[in-house]
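**Q** Encoded as structure tokens, here's the structure I'll be asking about.
Readers should treat all values here as calculations from the given coordinates under stated rules, not as data from a laboratory. This is a predicted model, so every value here is computed, not measured. With ideal geometry, Cβ positions are generated from the backbone for all residues, glycine too; neighbour counts draw on all protein chains shown.
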Ligand code: IPM
Ligand code: MG
């Protein structure tokens, strides 16, 4: 059970520290953690946001626990040297194509949602975002047209096998939940989406027990705030999934609570909070480490099949929340390490 721990930038190191304490507390004998540099901090030390040494650690690991990357100071760097390339590079290099982003409201926290409490309480959604294709990884650049104007371009593509494998992940997840899969696309405008939809329909014949629907992404954004209880599993492309999962986090109450898994075929996965590096609050011991701690629970579950330990962590987090332990993101005043202490005490 070799876990690569990549803390990264901003609040990453603080929230990772608490997640590592939680994992240590479980005293799993076979589990070994190895640290590596990513993001702006890696760039400063080694001249690259995803150094070869880090990639080697990642490849030799069974799972990765990831903090966050991003730093305003790096906005002027060439794109391939920016901190975000660390996470994008790991996703691509390790073929972490299936991003699971669960969103569920904790009882008692419905008041924190930007939706009405009774609407918030109906949310129990699993967003499955394709993570290695789409406009993120297509040909891109800024070119000068013949008339001298600059033009930016990012090409959106999905090959049918890329759609097929993420569709299977979606259907299987729906089978294990409430049996509903909603595929989100923009087939009324985009050819890429038309192929996406056609392939999802083809795959659906293997899952007659799953109720499949198709919703256009603009409508999905609307339905997500209007009647989120209608969604069980959502499967969508990289770009739409990026946007909808941030939206879902606010419906739940705080982005500081949402964990995620990025899975390859099999059990290799990278686990990270869905929030970013929040440089404005970094180093102040005020970031909420819960999303990262919950990501550690997902790691134990999905990469190592340690369901009991995963649930122990999730129960400890839920109980800390129920007892009113809240960070600033949830209107409370508990600091990063105090939240870690509270969760350790409940393990
Ligand atoms: C996410 C983030 C990343 C993304 C950034 C940091 C590259 O927003 O994981 O949602 O766009 O995928
Ligand atoms: Mg995002």
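**Q** Tell me, 263, 239, 290, 222 in order of fewest to most beta-carbon neighbours within 10 Å?
**A** 222, 239, 263, 290
**Q** Right, next: Quick one: compute the contact order of region 110-253, relative version, from alpha carbon pairs under 8 angstrom and 6+ residues apart, as a percent.
**A** The normalised contact order for region 110-253 reaches 39 percent.
**Q** Sticking with this structure for a sec: Write down Rg/Rh for region 142-222, rounded to two decimals, with Rg from the C-alpha atoms and Rh from the Kirkwood relation over Cα pairs. Write out the running numbers ahead of the final one.
**A** Numbers: Rg = 16.6 Å, Rh = 14.3 Å.
Ratio value, two decimals: 1.16.
**Q** Find the centroid of the Cα atoms in region 333-347 and in region 297-332, then give the distance between the two in whole Å.
**A** 11 Å
**Q** Something else about it: Where Rh is the Kirkwood radius over the Cα pairs of region 268-347, the temperature 10 °C and the viscosity 1.306 mPa s, what D in µm²/s does Stokes-Einstein return?
**A** For the chosen part, D equals 121 µm²/s.
**Q** Order of 44-52, 296-304 by packing, highest average Cβ count within 10 Å first?
**A** Numbers: 44-52: 16.7, 296-304: 23.3.
Highest mean packing first, the order is 296-304, 44-52.
**Q** Based on other C-beta atoms within 10 Å, arrange 204, 41 from fewest to most.
**A** Values: 204 17, 41 23.
Starting with the residue having the fewest Cβ neighbours, the order is 204, 41.
**Q** Can you give me the three principal axis dimensions of the chain from its C-alpha atoms, in Å, biggest first?
**A** Ordered largest first, the chain gives principal extents of 57, 48, 37 Å.
**Q** Label-point separation (nm) for residue 267 and residue 118, each offset 7 Å from Cα along Cα-to-Cβ?
**A** 4.5 nm
**Q** Suppose each label sits 7 Å from its Cα in the direction of the beta carbon; what would the residue 77-residue 247 distance come out to in nanometres?
**A** My value for the distance between the label points is 3.2 nm.
**Q** Could you check what % of the DSSP bridge pairs in the chain are antiparallel, to the nearest 5?
**A** On the way: 20 of 46 bridges.
The antiparallel proportion sits near 45 percent.
**Q** Find how many whole Å separate the alpha carbon centroid of region 227-260 from the alpha carbon centroid of region 174-223.
**A** Result: 16 Å between the Cα centres.
**Q** Sticking with this one: Have a look at the DSSP beta bridges in region 110-253 and tell me what percent are antiparallel, nearest 5.
**A** Numbers: 5 of 19 bridges.
Around 25 percent antiparallel, to the nearest 5.
**Q** To continue, here is another question. Which number comes out as Rg/Rh for region 110-253 once both Rg and the Kirkwood Rh are worked out on C-alpha atoms?
**A** My calculation of the ratio gives 1.05.
**Q** Could you grab the relative contact order for the chain? Cα pairs under 8 Å, six or more apart, rounded to a whole percent.
**A** Values: 741 pairs, mean separation 76.3, N = 347.
Here the relative contact order equals 22 percent.
**Q** Same structure, new question: Evaluate region 168-311: find the radius of gyration of its Cα atoms, find its Kirkwood radius, and give the ratio Rg to Rh. Mind showing how you got there, number by number?
**A** Working: Rg = 16.7 Å, Rh = 16.8 Å.
Here Rg/Rh amounts to 1.00.
**Q** Which ordering of 153, 136 is given by a fewest-first count of other beta-carbon atoms within 10 Å?
**A** 153, 136
**Q** Further, regarding this structure: Rounded to the nearest Å, what's the spacing between the alpha carbon centres of region 146-166 and region 106-133? Just the number, please.
**A** 30 Å
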